[in-house]
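See structure below.
Derivation of every value follows stated rules applied to the coordinates shown; laboratory data play no part. Model, not experiment: these values are computed from the prediction. Ideal geometry is used to build each Cβ from the backbone, glycine not excepted, and the neighbour counts take in all protein chains shown.
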Amino acid sequence: MYYCGIDIGSTTSKTVIIDEDKNIKNFSLIHTKFDRDASGREVLQNAIDEMGIKREDIAYIVSTGYGRRSLSFYDKASPEIICHALGTCHLVPGVRTIIDIGGQDSKVISLDENGMILKFEMNDKCAAGTGRFFEVLTGRLLNVDMDELGEMAMKSDNPSVISSMCTIFAESEIISFLSEGVPKEDIVYGMVLSIARRIVAMGRAGQITFEEPIVFSGGVGGNIGAFKAFEKILKKRPMGLENPQITGALGAALIAHKEYQK
């Protein structure tokens with residue numbers, strides 16, 4: 001028997017399937033479509049096909065993420081903060097702080113020694129501090145692919161100072177840097193630093209102390225330049241994950257396992 005978590009995010013939809021012993025058997029990811037329900041069905045079917053099992057082999061499904069209630073076939077919907085915390089704790093026992101930067105939101109979660117959520121702060125109203133900030137500005141202005149950003153940021157020793165976190169005003173600053181002949185590497189690292197400062201300030205405003213171990217997740221969690229930026233600001237090195245986008249769906253799958261055992 002298997003248990004499934006489906007995370008319908010604004011940018012990507014993810015599915016994790018675990019077995020009776022909570023081992024991860026499959027992780028699948030697709031870009032979220034306009035039809036959230038269709039996205040959930042597709043990513044689930046991909047996982048089922050890859051495993052060579054039947055839909056009837058999945059005992060329980062928990063949905064999470066922005067589109068969690070858009071699905072027509074879940075057994076339970078669970079808030080993404082809870083799912084991210086559970087999934088991260090499963091992968092990194094003892095984690096005390098989670099920094100998650102997704103396509104359209106960013107969040108900082110503080111946990112106690114038992115993995116219980118103490119407090120959290122979340123930005124889901126503005127592109128500032130999210131993957132969308134990178135996507136809009138680097139793609140249009142720098143002609144740089146998202147996958148290249150981390151390596152470019154690592155090459156910079158003189159990052160540009162991007163003072164505005166508003167995407168529109170930041171665009172004007174970047175255009176000015178380009179007209180002055182500032183290297184792309186310095187502009188990219190300046191953008192990464194500006195996002196890191198925003199997220200750290202957001203967490204500290206909520207009295208989060210960024211206690212270690214700190215785990216970095218979400219789509220931007222694959223950007224090695226972001227680790228450099230957060231270490232520079234926090235004076236602490238966040239830990240990475242082999243697959244930083246897995247945590248929400250994994251947490252939902254763990255809840256599915258627990259709910260079915262009741």
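Things worth noting here:
- Computed over region 33-124, the percent of Cα pairs more than 24 Å apart is 33.
- Over the chain, relative contact order from alpha-carbon pairs under 8 Å, at least 6 apart, %: 24
- Residues in region 43-78 reached by a label modelled at Met1 [backbone nitrogen below 13 Å; 7 Å Cα→Cβ]: 57-61
- C-alpha center-to-center spacing [region 167-241, region 83-102] in angstrom: 19
- The C-alpha atoms of the chain define a longest principal axis, and helix 184-205 lies at about 60 degrees to it.
- Cross-link reach list, lysines versus Lys184, counting only Cα pairs under 18 Å and skipping chain neighbours closer than eight places: Lys155, Lys228
- Modelled spin-label separation between Asp19 and Arg237, with each label point placed 7 Å from Cα along the Cα-to-Cβ direction: 3.4 nm.
- Ranked Ile162, Ile109, criterion: other C-beta atoms within 10 Å, fewest first: Ile162, Ile109
- Among Ser28, Gly206, Val43 - extreme Cα towards positive end, dipole of the chain, charges at beta-carbon: Gly206
- Taken one residue at a time, the phi angles of region 144-152 give Karplus couplings (6.51, -1.76, 1.60, θ = phi - 60°) of 10, 6, 4, 5, 8, 4, x, 5, 5 Hz. Gly and Pro are set to x.
- Taking the number of Cβ atoms within 10 Å of each Cβ as an exposure proxy, the fewest-first ranking of Ile246, Ile214 is Ile214, Ile246.
- Partner lysines for Lys262 [C-alpha distance under 29 Å; skip if fewer than 8 residues away on the same chain]: Lys14, Lys22, Lys25, Lys54, Lys76, Lys119
- Under the combined filter of DSSP loop state and at most 14 neighbouring Cβ atoms within 10 Å, region 179-262 retains these GluC sites (Glu not before Pro): Glu180, Glu242.
- Near Gly94: Cβ cut-off under 13 Å, other residues only, Lys/Arg at +1 and Asp/Glu at -1. The net charge is -3.
- For region 19-90, a simple Cβ point-charge model (Lys and Arg +1, Asp and Glu -1, everything else neutral) yields a dipole of about 280 debye relative to the Cα centre.
- Magnitude of the charge dipole for region 186-244, about its Cα centre and with charges confined to Cβ atoms of Lys, Arg (+1) and Asp, Glu (-1), is about 220 debye.
- Cα long-axis angle, helix 80-91 against the chain (0 to 90 degrees, to the nearest 10): 80
- Neighbour counts of other Cβ atoms within 10 Å put Ile175, Ile99 in the fewest-to-most order Ile175, Ile99.
- For region 95-240, the Cβ-based charge dipole about the Cα centre amounts to some 380 debye (Lys, Arg positive; Asp, Glu negative; other atoms uncharged).
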